[in-house]
Amino acid sequence: LRYANHNLTNLIVTGDFNHPEIDWVNSHTTVSENHKASKFLFLTNECKYHQMIENPTHYKPNCRPSLIDLVLAKDPDLIGKIKLTAPLGKSHHSSIIIKTTSNQTSTPEHSYEAPKNLATPTNDKTY
């Protein structure tokens, strides 16, 4: 995230970050500062990402609903609308539909190359 924050503009990052310990509404966590959730929250705040989902996205039976599927945006104005819908198949995760906005009329020409340590596979098993 730090690399992307310094090298990309108009960035939106989405995914299942699996940090139910983070209270995104209050930008707070009760776990120690060395816990991976605290480090992730610190990083998103340091890079000035805005977490755009407001409601729980993960509903597993016999567990408290949690907000672990995130939409992080450097510029919240890039997000026009977010809609949470029913999970696909047997998933416990809400489907997330994101409508983005842009006042850019053409696509700029640029390329992106991942740093070598990010582009190197860590597991070369074939399944």
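The values are calculated or read from the model by the stated rules, or taken from the named source; none is laboratory data. Since the structure is predicted, the reported quantities are computational estimates derived from the model, not experimental observations. All Cβ positions, glycine included, derive from the backbone under ideal geometry; neighbour counts span all protein chains shown. For accessibility, only protein heavy atoms count, side chains too; no ligands or nucleic acids. Shrake-Rupley method; radii C 1.70, N 1.55, O 1.52, S 1.80 Å.
The stretch between ASN10 and ASN62 holds 14.9 nm of extra length on full extension. This uses 0.36 nm per residue minus the Cα-Cα distance.
Normalised radius of gyration (Cα atoms, divided by 2.2 N^0.38 Å) for region 1-81: 1.11.
I need the calculated FRET efficiency for the pair ASN26 and LYS48, taking r as the beta carbon distance and R₀ as 25 Å, to the nearest 0.05. Using R0 = 25 Å, I get an efficiency of 0.90. On a 25 Å Cα-Cα criterion, which of the cross-link pairs LYS48/LYS81; LYS39/LYS74; LYS36/LYS90; LYS36/LYS74 come out too long? Flagged as over cut-off: LYS36/LYS90. Highest-first packing order for the peptide set 32-44, 86-98 is 32-44, 86-98, based on the mean count of other beta carbon atoms within 10 Å.
Close amide-amide hydrogen proximity is noted between ILE68 and THR57, HIS58, each under 5 Å apart and 5 or more residues distant or on a separate chain (H modeled in the peptide plane; Pro and chain starts excluded).
Overall, the accessible surface of region 9-93 at a probe of 1.4 angstrom is composed of carbon and sulfur to the extent of 51 percent.
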